Structures are given as structure tokens and as C-alpha cells.
Amino acid sequence: MNYRYLGQTGLQISELSLGSWVTVGNQVDLDATASIMAAAYDAGVNFFDNAEVYAAGKSEEIMGAAFKRLGWRRGSYLVSTKLYWGLHQNPNEQNTLNRKYLIEGIDGSLRRLGLDYVDILYCHRADPNTPVGETVWAMHNIIERGKALYWGTSEWEAADILGAIDFAERHHLHKPVVEQPVYNLFEQHRFDSAYDPVYKNLGYGSTTWSPLASGLLTGKYNSGIPADSRGAMENMGWLQEQLTDKARLRKVAELQPLAREIGASLAQFSLAWCLQNPHVSSVLTGASRVGQLEENLTALNFIDKFTPDLMAAVDRIFHTK
Ligand code: NDP
């Protein structure tokens with residue numbers, strides 16, 4: 001495993017990391033979760049991502065039980081969670097980054113995870129209705145109370161990130177240090193030029209999500225939706241349009257010979273491509289079984305195979321340049 005610094009912080013994070021969205025608490029139980037996490041940790045993965053809203057809190061509970069079962073030394077791994085959507089149908093506790101929700105929300109997450117602190121606490125979305133200063137103060141206080149070590153944003157517009165950093169700097173508060181954006185061959189907009197001040201000028205870190213576009217970039221949806229896949233899950237119906245989109249599937253087919261040329265599977269190719277971006281600190285992967293994780297971790301063997309010619313060939317397929 002290789003490690004990168006999380007933006008401008010002194011924290012080193014594994015290039016590939018493991019998240020729990022959809023899988024933990026829906027597709028996999030505690031035994032399977034613990035096996036997948038153990039395989040990741042043994043391979044050098046040091047970052048495990050979660051969110052309050054995943055499986056309505058069950059994902060944090062199961063990951064917390066897995067940490068307890070696996071008995072790893074707390075200093076040896078990083079955990080994150082994310083707050084925004086909330087677990088309770090109450091005006092102050094859903095779709096918000098107000099002070100009351102954040103201060104109470106972190107306590108709920110820590111209780112479910114069975115931890116004293118998370119390493120990174122993300123604001124899962126921006127909240128246009130709460131003044132940014134209120135959110136920055138709440139995140140600062142959470143860090144000062146030792147409940148999180150760093151804080152970040154997820155799917156925030158560049159201007160909102162800059163606004164939060166500016167407020168924190170003017171008031172000498174802990175500022176956000178990392179964004180969690182979608183990033184894969186199909187979705188590259190969170191690194192477009194609007195974000196240059198964030199990544200290039202300020203050295204913000206990023207832990208990127210859905211590197212395989214929910215599995216589409218493995219080629220598994222080429223001839224329909226497999227019965228045992230995310231795409232077949234009842235509550236994931238909204239994803240089916242993307243997973244069966246003919247234009248997208250054509251691009252996946254065009255990618256196949258490029259992957260074959262360097263001896264990689266489509267999954268390994270697509271993950272290694274994400275790591276060509278120097279502003280990516282860690283690529284968050286997802287896996288519903290150990291075999292997938294093992295295949296994905298070997299993506300690291302292909303990072304050096306991406307020549308400028310190969311990158312240009314990829315850009316031609318995805319029309320990104
Ligand atoms: P991916 O795009 O990599 O999709 C992962 C899924 O693809 C797996 O669960 C599995 O699904 C399938 N898959 C993975 N590897 C293989 C393989 N080698 N062969 C075949 N199928 C494979 O990532 P996720 O969408 O899961 O996102 C990763 C993490 O990012 C999440 O767990 C979460 O922590 C974070 N995230 C953050 C968001 C945010 O808003 N901040 C939003 C979404 C995710 P299956 O077996 O069911 O087909």
C-alpha cells in the first residue's frame with residue numbers, strides 16, 4: 001500500500017480506502033463486514049468511511065462492532081463519519097448543519113461506532129440555510145472537545161468551501177481540510193477549474209467516492225443487471241437508469257481494450273486512473289465481498305502504467321479534454 005498526505009495536513013492516508021455505503025447493514029452483516037475490513041487492513045488500508053445516514057445508523061453500529069471484534073489499536077487506523085441528513089424527522093435534525101444538530105449528531109455517531117473520536121468528520125452536504133460561521137464554529141468546538149481530529153466537506157461547491165476556510169481563518173478556528181467528492185471516469189466535474197483555488201492554491205485534500213460508478217466500470221452491467229448486484233436492490237431503483245444507459249455502456253466497452261493492453265481488469269484500470277489525479281488523497285472503494293476488494297486493491301500495480309498516450313486515449317473516450 002502507498003500512503004498520501006491528506007491535503008496540507010500531516011495525516012497519511014492509504015491510496016485506497018474502504019467505505020460502507022449501501023453494503024454494510026444492507027448487503028452484508030457483521031461477519032462479512034469484519035472479513036472485508038480485515039482483508040483491507042491486512043493489505044495496508046488505514047481509512048474506513050461511514051456516515052450517520054448509511055442504513056439509518058446501522059452501518060455505524062456494524063462497523064463499530066467490527067472494530068471491537070477485530071481489536072485493532074486505535075492509533076493504527078482512521079475512521080470518518082458524516083452528518084447532514086439526520087435520523088429524526090424533526091425540523092432541527094434533518095437536512096441541516098445547524099449547531100444543535102452537529103453537536104448532538106457527533107455524539108450519536110460515536111455511540112454507534114463505539115469510539116471516543118472520529119479522525120475526520122464531514123459535513124455530508126452544504127446547507128444554504130445555516131450561516132457558514134455557525135457550522136464552522138460547531139465543527140471547531142467538536143474538534144476542541146476531542147470528538148473529531150479533522151473536519152471536511154462533501155459535495156460542496158468550490159465557493160462554499162472557500163467561504164468556510166475564509167471564515168475559519170479570520171476567526172482562528174479549525175478549518176476544513178478535505179472534500180469528499182464523487183470522482184470516476186464518468187463524473188469528473190468536482191475537479192473542474194472552479195476547484196483550482198481549493199486544490200491547487202490551498203492544497204485541500206480529497207477522499208473520492210464511487211470510483212467504479214457503483215460497479216458500472218467493472219463491466220458487470222454489460223449484459224443487464226446481475227441479480228446479486230447493487231443495481232438489483234429494490235431501494236436502488238434510481239440507479240438503474242445510469243447502470244443500463246447505452247451511451248455509458250458503450251464507453252465501458254471502449255475502455256476494455258485499453259485495460260487489456262496493460263493487463264488490468266476494468267475495475268483495476270478505473271481505480272488506478274483515479275489515482276493519476278495528484279489532488280486525490282485516497283480513493284474510497286466499496287465491496288460487497290472479499291474477492292472484489294482483493295481485485296480492487298491490486299489496482300495499485302497499474303498506477304505506473306498510465307502513460308500520457310494512455311491518458312489521452314481515455315480522455316478521447318470520455319470526452320473530458
Ligand atoms: P464503487 O463505485 O466502487 O462501487 C462499489 C460497488 O461496486 C461494490 O459494492 C460492488 O457492488 C461493486 N464492485 C466493486 N468492486 C467490484 C469488482 N471488482 N467486481 C465486481 N463488482 C464490484 O464505490 P461506492 O459507490 O460503494 O462508494 C465507495 C464509498 O464512497 C462508499 O462506501 C462511501 O463510503 C463513499 N460514498 C460517499 C458519498 C458521499 O456523498 N460522500 C456518496 C457515495 C459513496 P455489488 O457487489 O453490489 O454489485
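The values are calculated or read from the model by the stated rules, or taken from the named source; none is laboratory data. Treat the numbers as computed from the prediction; the structure is a model and nothing was measured. With ideal geometry, Cβ positions are generated from the backbone for all residues, glycine too; neighbour counts draw on all protein chains shown. Just the protein is used for accessible areas: all its heavy atoms, side chains included, with ligands, DNA and RNA removed. Shrake-Rupley method; radii C 1.70, N 1.55, O 1.52, S 1.80 Å.
Remarks
- Tally, over the range 61-83, of residues that are assigned to a loop (DSSP other than H, G, I, E, B) and open to solvent by 30 Å² or more (accessible area, probe 1.4 Å): 3
- Being more than 9 Å from the ligand (Cβ to nearest atom), open to solvent by less than 20 Å² (accessible area, probe 1.4 Å) and aliphatic (A, V, I, L, M) holds for only one residue in Leu217, Leu202, Leu243, and it is Leu243.
- Residue within the range 300-316 that is under 23 Å from the mean Cα position of the chain (by Cα), within 10 Å of the ligand (Cβ to nearest atom) and open to solvent by 50 Å² or more (accessible area, probe 1.4 Å) present: no
- Helices (runs of 4 or more DSSP H) enclosed by the range 192-283 - at least 2 residues per element that are out of contact with any helix residue (DSSP H, G or I) (no Cβ under 8 Å at 6 or more places or on another chain): 246-261
- Which listed residue is modelled with pLDDT of 95 or more, more than 22 Å from Arg289 (Cα to Cα) and of a type in the set (A, V, I, L, M, F, W, C), from Leu6, Leu16, Leu78: Leu6
Quick grid of which residues meet (1) closer than 28 Å to Asn301 by Cβ; (2) open to solvent by 10 Å² or more (accessible area, probe 1.4 Å); (3) in a helix (DSSP H, G or I); (4) within 10 Å of the ligand (Cβ to nearest atom):
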position: Gln8; (1), (2), (3), (4): no, yes, no, no
position: Ile13; (1), (2), (3), (4): yes, no, no, no
position: Ser17; (1), (2), (3), (4): yes, no, no, yes
position: Thr33; (1), (2), (3), (4): yes, no, yes, no
position: Tyr41; (1), (2), (3), (4): yes, yes, yes, no
position: Val45; (1), (2), (3), (4): yes, no, no, no
position: Ser59; (1), (2), (3), (4): no, no, yes, yes
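- Among residues of the range 276-286, those that are open to solvent by 10 Å² or more (accessible area, probe 1.4 Å) and either away from the ligand (no atom under 12 Å from the Cβ) or modelled with pLDDT under 95 (or both), counted: 4
- Any chance Arg289 is open to solvent by 20 Å² or more (accessible area, probe 1.4 Å), within 27 Å of Tyr199 (Cβ to Cβ) and charged (D, E, K, R): no
- Within the range 229-257, residues that are touching a residue at least 60 places away in the same chain (Cβ under 8 Å) have Cβ atoms under 9 Å from residues that are aromatic (Phe, Trp, Tyr) and open to solvent by less than 70 Å² (accessible area, probe 1.4 Å) in these pairs: Arg248/Phe186; Arg248/Tyr221; Lys251/Phe186; Lys251/Phe318; Leu255/Phe269; Leu255/Phe318, counting only partners at least 6 apart in sequence or on another chain.
- Hey, Asn222 closer than 19 Å to Val314 by Cα and within 11 Å of the ligand (Cβ to nearest atom) or not: no
- Test: residue in the range 115-128 that is touching a Ser or Thr at 6+ places or on another chain (Cβ under 7 Å) and over 29 Å from Tyr3 (Cα atoms): yes
- Options Met37, Met1; residue that is open to solvent by 10 Å² or more (accessible area, probe 1.4 Å) and over 14 Å from Val178 (Cβ atoms): Met1
- Scanning the range 252-273 for residues that are more than 10 Å from the ligand (Cβ to nearest atom) and surrounded by 19 or more Cβ atoms within 10 Å (Cβ to Cβ) turns up Val252, Leu255, Ala259, Ala264, Phe269, Ala272, Trp273.
- Residue tally, condition within 18 Å of Ala287 (Cβ to Cβ) and surrounded by fewer than 14 Cβ atoms within 10 Å (Cβ to Cβ), over the range 228-240: 1
- Checking each residue in the range 47-56 for being more than 9 Å from the ligand (Cβ to nearest atom) and open to solvent by less than 20 Å² (accessible area, probe 1.4 Å) picks out Phe47, Glu52.
- The range 170-185: number of residues that are open to solvent by less than 40 Å² (accessible area, probe 1.4 Å) and part of a loop (DSSP other than H, G, I, E, B): 8
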